[in-house]
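J.: Mind looking over this structure? Questions follow.
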Protein chains: 2
Amino acid sequence: MSFELTILGSSAALPTSKRFPTAHLLHAGERFFLIDCGEGTQIRLRQYGLNPSRIHHILISHLHGDHVFGLFGLLSTLGMMGRKVPLHLYGPQSLEAFSDSYSKFFGSLPFDLEFKSPSEDDDFIFENDKLTIEAIPLKHRIPAYGYLFREKMKPLNVRKEQIEAMGLGRADLVKVKRGDDFVDDSGERIPNSQLTLPPFHRRSYAYLSDTQFDPELAKKVKGVDLLFHEATFLERDKKLADQTQHSTAAEAATLAKLAGVKKLLIGHFSSRYKEPLLFETEAREFFEDTTGVNDGDIYSIPLERLSGE
Amino acid sequence: MSFELTILGSSAALPTSKRFPTAHLLHAGERFFLIDCGEGTQIRLRQYGLNPSRIHHILISHLHGDHVFGLFGLLSTLGMMGRKVPLHLYGPQSLEAFSDSYSKFFGSLPFDLEFKSPSEDDDFIFENDKLTIEAIPLKHRIPAYGYLFREKMKPLNVRKEQIEAMGLGRADLVKVKRGDDFVDDSGERIPNSQLTLPPFHRRSYAYLSDTQFDPELAKKVKGVDLLFHEATFLERDKKLADQTQHSTAAEAATLAKLAGVKKLLIGHFSSRYKEPLLFETEAREFFEDTTGVNDGDIYSIPLERLSGE
């Protein structure tokens, strides 16, 4: 089962000829989640051979144009492609009024927009049997949320030969797949690990953009497989980063180190810098496994068992 | 002086990987006029090396998303680039409420938007010393306008040797440049054509999109140098064209023939057709000098005198 991130746009506020404004597509839990929707998102989807109709969930970080100006175009296109099923839209409360204004100017859509904003009582903005999405409040000039996607524990795969040898019934099998030990007729306890294969690692992706450096965020994204953290500026422009409540590459990497993530992606690069490699160079002094993303990049996390057989 | 059209987007409602939604940039009268502003217009401007800050006039045909979804992104970018001078926005009345909604969701712009809608009393929506722009009502599902750009007559260039030989004064010269004959001290009338070079041809460009076929439009764009007429469908889908109030390639070419234009450009091709060459083939049966446009195409009309020296 795929857990794959496609970068649709990697620029900051001003797009460049090669970088579209921010949009990420995560294929996880057999669904496609669009995270932010900068101008041209639907064009990138076409260019990368991704069918927009497969998207049922759009998560918007905040209502700055470079994260949302592609939304109307995508909604319009989904309507013209004949969409009837609801589209789920998540983001700060201000997003609802904006998305509602679509119909005022451009007519009603042939499908429902189901809006949900993160609440203080419940961190989980989405949950199904395969994964959860947690909204993470960010520190930016307007209300903004990051999103943490984490797979749920899958039922354990049993060791067939053992199960057969012991003659487990159906009810026992369900318990064993859930992680219980097995107690046989003689009262002997067989540890679950002897009956099942090691569980799968629960893959995770966290998206933190836009935000100033906030060490508290490290607790929220502790140990994730893949962290995207915005890096709008280089450390030499730290003043600008502070003024605009953005992060530098060094800060993004420091956060990754604090959180002990496996891999860091940085992007949302200001168009003022003509050499994006400088971001990676700066970040890697603090966190080695850092990659500066480009439009069209694909990052895949393989499905692996927690320990070797 | 340049009279040059750049195609920024050539698709119809649904963009493709190579065709962005509709936008044209006309460089005429030493100004840049943006005509329609589909999603990604600002990205195409970057990709084609065109500075968005040089645009002071944006003309929108109608309020369907594929002609206007790029407006907010462009406005936002112009603001971030430090624009202070007003931006002139032209289009149907519904455009004003839409552009006003920008500030409600995304904050105020650091420059004024000066809006003007075509009125029934005055065809000319813009006029300065170099050119006029005439708004042309189209037949579409919602209020829509085409735009006709036409250079004004330039002051005539005098034949220096003649002028010197006859010893014309400053006041006489002004009159001669305006086209008057010259009457010398003896009462002899020297025809203006002996004193001046032939006048320049007044270059013109007409943009008609979106519209159903309407022979009345031919009168409006009679003899223009360059006509862009939408051709969303092929004749085999004439029913669809009628239902949606769009034109076929054959209809666009018929209009061009009726109007006796010099050259026809067609575009706004529906993404249902995988071979855009079919549009040219169909159109050329009715009007030979037809070109199907692609994003990035440039069409230049040279400055020429009306007759040879």
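J.: Every residue in the stretch A:38-96 that is more than 8 Å from chain B (Cβ to nearest Cβ), under 15 Å from A:Phe20 (Cβ atoms) and part of a loop (DSSP other than H, G, I, E, B), please.
T.: Once the filter is applied, which keeps residues that are more than 8 Å from chain B (Cβ to nearest Cβ), under 15 Å from A:Phe20 (Cβ atoms) and part of a loop (DSSP other than H, G, I, E, B), the stretch A:38-96 yields A:Gly38, A:Tyr48, A:Leu50, A:Val68.
J.: Only one of these is in contact with a helix residue (DSSP H, G or I) (Cβ under 7 Å, 6 or more places away or on another chain) and facing another protein chain (nearest Cβ under 9 Å): A:Leu8, A:Leu14. Name it.
T.: Numbers: A:Leu8 fails: facing another protein chain (nearest Cβ under 9 Å).
On inspection, the qualifying residue turns out to be A:Leu14.
J.: Out of the residues in the stretch A:154-176 that are within 15 Å of A:Pro199 (Cα to Cα) and in contact with a Phe, Trp or Tyr (Cβ under 8 Å, 6 or more places away or on another chain), which is modelled with the lowest pLDDT?
T.: Once the filter is applied, the top-ranked residue is A:Lys154.
J.: Give the residue that is farthest from the other protein chains (Cβ to nearest Cβ), with candidates limited to residues of the stretch A:17-29 that are under 21 Å from B:Ser76 (Cβ atoms) and in a strand (DSSP E or B).
T.: Filtering the stretch A:17-29 for residues under 21 Å from B:Ser76 (Cβ atoms) gives A:17-24.
Going one step further and asking which of them are in a strand (DSSP E or B), we end up with A:23-24.
Values: A:Ala23: 12, A:His24: 18 Å.
That would be A:His24.
J.: What are the residues in the stretch B:289-308 that are within 22 Å of B:Arg202 (Cα to Cα) and either part of a loop (DSSP other than H, G, I, E, B) or out of contact with any Lys or Arg (no Cβ under 9 Å at 6 or more places or on another chain) (or both), if any?
T.: Passing the criteria: B:Asp289, B:Ile298, B:Ser300, B:Ile301, B:Pro302, B:Leu303, B:Glu304, B:Arg305, B:Leu306, B:Ser307, B:Gly308.
J.: Turning to a different aspect of this structure: What do you reckon, is A:Pro215 modelled with pLDDT of 95 or more, surrounded by fewer than 16 Cβ atoms within 10 Å (Cβ to Cβ) and either within 25 Å of A:Leu45 (Cβ to Cβ) or in contact with a His (Cβ under 8 Å, 6 or more places away or on another chain) (or both)?
T.: Numbers: modelled with pLDDT of 95 or more: yes; surrounded by fewer than 16 Cβ atoms within 10 Å (Cβ to Cβ): yes; either within 25 Å of A:Leu45 (Cβ to Cβ) or in contact with a His (Cβ under 8 Å, 6 or more places away or on another chain) (or both): no.
When the stated conditions are applied, A:Pro215 does not pass them.
J.: For A:Leu197, which of the numbered conditions (1) in contact with a strand residue (DSSP E or B) (Cβ under 8 Å, 6 or more places away or on another chain); (2) modelled with pLDDT of 95 or more; (3) not β-branched (Val, Ile, Thr) fails to hold?
T.: With (1) in contact with a strand residue (DSSP E or B) (Cβ under 8 Å, 6 or more places away or on another chain); (2) modelled with pLDDT of 95 or more; (3) not β-branched (Val, Ile, Thr) applied to A:Leu197, the lone miss is (2).
J.: So which of B:Gly179, B:Gly146 is at pLDDT below 95 and either in the same structural domain as B:Thr211 (by TED's automatic domain parsing) or of a type in the set (Gly, Ala, Ser) (or both)? Can you show your working first?
T.: On the way: B:Gly146 fails: at pLDDT below 95.
That would be B:Gly179, the only listed residue that is at pLDDT below 95 and either in the same structural domain as B:Thr211 (by TED's automatic domain parsing) or of a type in the set (Gly, Ala, Ser) (or both).
J.: Just wondering, is there one or more residues in the stretch B:68-77 that are buried (at least 23 other Cβ atoms within 10 Å of the Cβ), over 20 Å from the mean Cα position of the chain (by Cα) and under 20 Å from B:Phe228 (Cβ atoms)?
T.: Within the stretch B:68-77, not a single residue is buried (at least 23 other Cβ atoms within 10 Å of the Cβ), over 20 Å from the mean Cα position of the chain (by Cα) and under 20 Å from B:Phe228 (Cβ atoms).
J.: While we're here: Which residues, counting only those in the stretch B:97-117, are part of a loop (DSSP other than H, G, I, E, B), within 13 Å of chain A (Cβ to nearest Cβ) and in contact with a Leu (Cβ under 9 Å, 6 or more places away or on another chain)?
T.: Within the stretch B:97-117, just B:Leu109 meets the criteria.
J.: Mind counting the residues in the stretch A:118-144 that are surrounded by 17 or more Cβ atoms within 10 Å (Cβ to Cβ) and part of a loop (DSSP other than H, G, I, E, B)? If you could, list the steps in order and put the result at the bottom.
T.: If we filter the stretch A:118-144 for residues that are surrounded by 17 or more Cβ atoms within 10 Å (Cβ to Cβ), which is where we start, we get A:118, A:125-126, A:131-138, A:140, A:143-144.
The next check asks that each one be part of a loop (DSSP other than H, G, I, E, B); those that pass are A:118, A:138, A:140, A:143-144.
Matching residues across the stretch A:118-144 total 5.
J.: Still on this structure: How many residues does the stretch A:145-158 hold that are surrounded by 16 or more Cβ atoms within 10 Å (Cβ to Cβ) and touching a helix residue (DSSP H, G or I) at 6+ places or on another chain (Cβ under 9 Å)? Give the derivation first.
T.: So the first thing to find is which residues in the stretch A:145-158 are surrounded by 16 or more Cβ atoms within 10 Å (Cβ to Cβ), and the list is A:145-151, A:156, A:158.
Then keep just the ones that are touching a helix residue (DSSP H, G or I) at 6+ places or on another chain (Cβ under 9 Å); that gives A:146, A:148, A:156, A:158.
Summing the residues that are surrounded by 16 or more Cβ atoms within 10 Å (Cβ to Cβ) and touching a helix residue (DSSP H, G or I) at 6+ places or on another chain (Cβ under 9 Å) in the stretch A:145-158 gives 4.
J.: Quick check on the stretch A:272-289: of everything there that is touching a residue at least 40 places away in the same chain (Cβ under 8 Å) and buried (at least 17 other Cβ atoms within 10 Å of the Cβ), which residue is nearest to A:Lys220 (Cα to Cα)?
T.: Taking the stretch A:272-289 first, the residues touching a residue at least 40 places away in the same chain (Cβ under 8 Å) are A:278-279, A:282-283.
Those still in the list that are buried (at least 17 other Cβ atoms within 10 Å of the Cβ) too: A:279, A:282-283.
Values: A:Phe279: 24, A:Glu282: 24, A:Ala283: 20 Å.
Of everything passing the filter in the stretch A:272-289, A:Ala283 is nearest to A:Lys220 (Cα to Cα).
J.: Which members of the stretch B:12-47 meet the condition of being closer than 21 Å to B:Arg141 by Cα and surrounded by fewer than 24 Cβ atoms within 10 Å (Cβ to Cβ)?
T.: So in the stretch B:12-47, the residues closer than 21 Å to B:Arg141 by Cα come out as B:12-15, B:21-23, B:35-39.
B:Ala13, B:Leu14, listed by residue number.
J.: Say whether the condition of being surrounded by fewer than 15 Cβ atoms within 10 Å (Cβ to Cβ), among the β-branched types (Val, Ile, Thr), in the same structural domain as A:Gly29 (by TED's automatic domain parsing) and over 22 Å from A:Leu25 (Cβ atoms) is met by at least one residue in the stretch A:232-252.
T.: Taking every residue of the stretch A:232-252 in turn, none turns out to be surrounded by fewer than 15 Cβ atoms within 10 Å (Cβ to Cβ), among the β-branched types (Val, Ile, Thr), in the same structural domain as A:Gly29 (by TED's automatic domain parsing) and over 22 Å from A:Leu25 (Cβ atoms).
The values are calculated or read from the model by the stated rules, or taken from the named source; none is laboratory data. Keep in mind it's a predicted model, so treat the numbers as computed, not measured. Backbone-built Cβ (ideal geometry, glycine too); neighbour counts: all protein chains shown.
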